[in-house]
Structures are given as structure tokens and as C-alpha cells.
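The block underneath contains the structure these notes are about, expressed in C-alpha cells.
The values are calculated or read from the model by the stated rules, or taken from the named source; none is laboratory data. Here the structure is a predicted model, which means the values were calculated and not measured. Every residue, glycine among them, receives a Cβ derived from its backbone with ideal geometry; neighbour counts consider all protein chains shown.
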Amino acid sequence: MRRGRAPAFLLGGGAALLLSLFWMPTLLPVASRLLLLPRALLSMASGSPPAQPSSASGSAYVPGSVSAAFVTCPNEKVAKEIARAVVEKRLAACVNLVPQITSIYEWKGKIEEDSEVLMMIKTQSSLVSALTDFVRSVHPYEVAEVIALPVEQGNSPYLQWVHQVTASVPDSSTAPL
């Protein structure tokens, strides 16, 4: 009787790689849970529940209460004007401008390709409708792109800041453009 190693299957390099790729998705969730085990055991030994992350203001973020809106503009000048106006009007807490994106789209039966500036606008989800109306009123395009996606999670202090900055929307008749 042979002692030592158990019988091994001989696999070529390609078969071994294929087998590892097949099993890797199955093993990763288990491995990631095992990494949490020491913290769970430590909290059980101390008799206290594991610490939960807290936000800066003490209130938890409500998933989806902040949105990231995207608007394309024909150039940086237009994008900066709109960005400054939506921040001044407190329709947005922050606007990032991404220059020189290429947009390919169908317009009036023809495929178009243009260089544009992308605006990434962070705002409260409850303000998306007002933001859209304002952008449409000042945007040079016949049909302005304004789309918004809810933010489900992120850096809680940042998301709270978005709420604080956009909490009091000034009267549109007194706010500058």
C-alpha cells in the first residue's frame, strides 16, 4: 500500500485553467465570507454586536434619495454656464464636467457623431424634475439629454452633504442664471 499523496488526476495546462475558471466563481463568495469570520468571532467573544458604520450627521442615508444626472452639452462654455447656474440655484450640490466625449446617435434619420462635454450632476432625487425643467429652458439643443439614476449607496458623509447643499432651493425669480 502506498502512503503519502492521494491519487491525482493529470490535467493539461488548458484543462486545469478551464477547471479553475469554472470553480472560481463558486469559491469566491465562500472565501469573502471567511474573511469576515474573525470579526464575527471577536464580537461574539466580547458579547457586543459588530460596530456598524455611522454617518457624519448621525442619520442614515436613504438609498435612492440622491441621484446622479447626466447632461451632454455642445461645448465647455455651455456646460460651465449650466453647471454654475444649477449649483447657484441649489438644484445640484456638485457638477463634474468631462470634456471631449464622443457621442454617436441617430437624429432625424441620420447617424451623427459629435464631440460633447458630459455633465455629471449630483442632486436630491426629489429635485430631478426641477433640474430637468431648468436644463431644458437654457440648453441650446432642441432635445436636451437629461437622464438621472438613483444612488443606492456611497460615501455617507458625501451623500449627506448633497442633501445639505440642496436642502433649501432659493426662489427661482431671485436666483441668478
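Quick look at the numbers
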read-out: Residue in the stretch 153-171 that is over 30 Å from K108 (Cβ atoms), at pLDDT 95 or above and of a type in the set (D, E, K, R) present; value: no
read-out: The listed residue being out of contact with any Gly (no Cβ under 9 Å at 6 or more places or on another chain), farther than 30 Å from A60 by Cα, hydroxyl-bearing (S, T, Y) and part of a helix (DSSP H, G or I), out of S129, S137; value: S137
read-out: Count of the stretch 132-151 residues which are touching a strand residue (DSSP E or B) at 6+ places or on another chain (Cβ under 8 Å), closer than 14 Å to T72 by Cα and aliphatic (A, V, I, L, M); value: 5
read-out: Criterion: touching a residue at least 40 places away in the same chain (Cβ under 8 Å) and assigned to a strand (DSSP E or B) - qualifying residue of I82, I101, I121; value: I121
read-out: Members of the stretch 66-79 found to be of a type in the set (S, T, N, Q) and free of Cβ contacts under 8 Å to residues at least 60 places away in the same chain, listed by number; value: N75
